[in-house]
């Protein structure tokens, strides 16, 4: 007889695990067996079982209790888990597995990768600026680029677009770039597509204004940059 609910086992519940933990546990030197045991500890913790019996864990993982002890010790050594003690209102003490260590490891890894990527992006931006300006940046200028990336959290793409605008306006100074970035920041422009859309609209409006002025006058005016970023930043 075919059951009306072929997936009735789903009623036993599901657990939520951070995707990043599953994505990067291998780069944190966590073995598959260690991760499997951690996931069982996580699942049981969500059910309110904060210090499960090793025999129970052995049944879930098909490992011996001795192997479970060893795996737990490795998880402790790798700072993924910790055994802590709590005390209730009656003074009764009980142990529990603190599982937050793994989350801290993942967060530290994420931060280190972000800093590494930002550092690499910063080096690329510096190289591009020096190439366009045709001179190496001074220590003070390098510090300004560092502030753009780390203090103000401007993306490398944002800096590259500001550099392009600087060159298009025949300027070769970080002060000019800084004014552009400040102007975009005040307008809430952080992403590349936002900046491109703004520049496209701004240049279209400027071109339209110049065309109307040309039709209403016979005087030839000298060409001027579309964007005077230095004036906008004052």
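The values are calculated or read from the model by the stated rules, or taken from the named source; none is laboratory data. Please read these numbers as outputs of a predicted model, since none were measured by experiment. A quick note on method: Cβ atoms are made from the backbone with ideal geometry, for glycine too, and the neighbour counts reach across all protein chains shown.
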Give 41, 10, 57, 36 a once-over and let me know the one that is outside any loop (DSSP other than H, G, I, E, B) and either at positive phi or touching a strand residue (DSSP E or B) at 6+ places or on another chain (Cβ under 7 Å) (or both). 41
For segment 106-119, how many residues meet the condition of being surrounded by 11 or more Cβ atoms within 10 Å (Cβ to Cβ) and either at pLDDT below 90 or in contact with a helix residue (DSSP H, G or I) (Cβ under 7 Å, 6 or more places away or on another chain) (or both)? 8
When restricted to 83, 30, the only residue within 27 Å of the chain's Cα centre (by Cα) and not in a helix (DSSP H, G or I) is 30
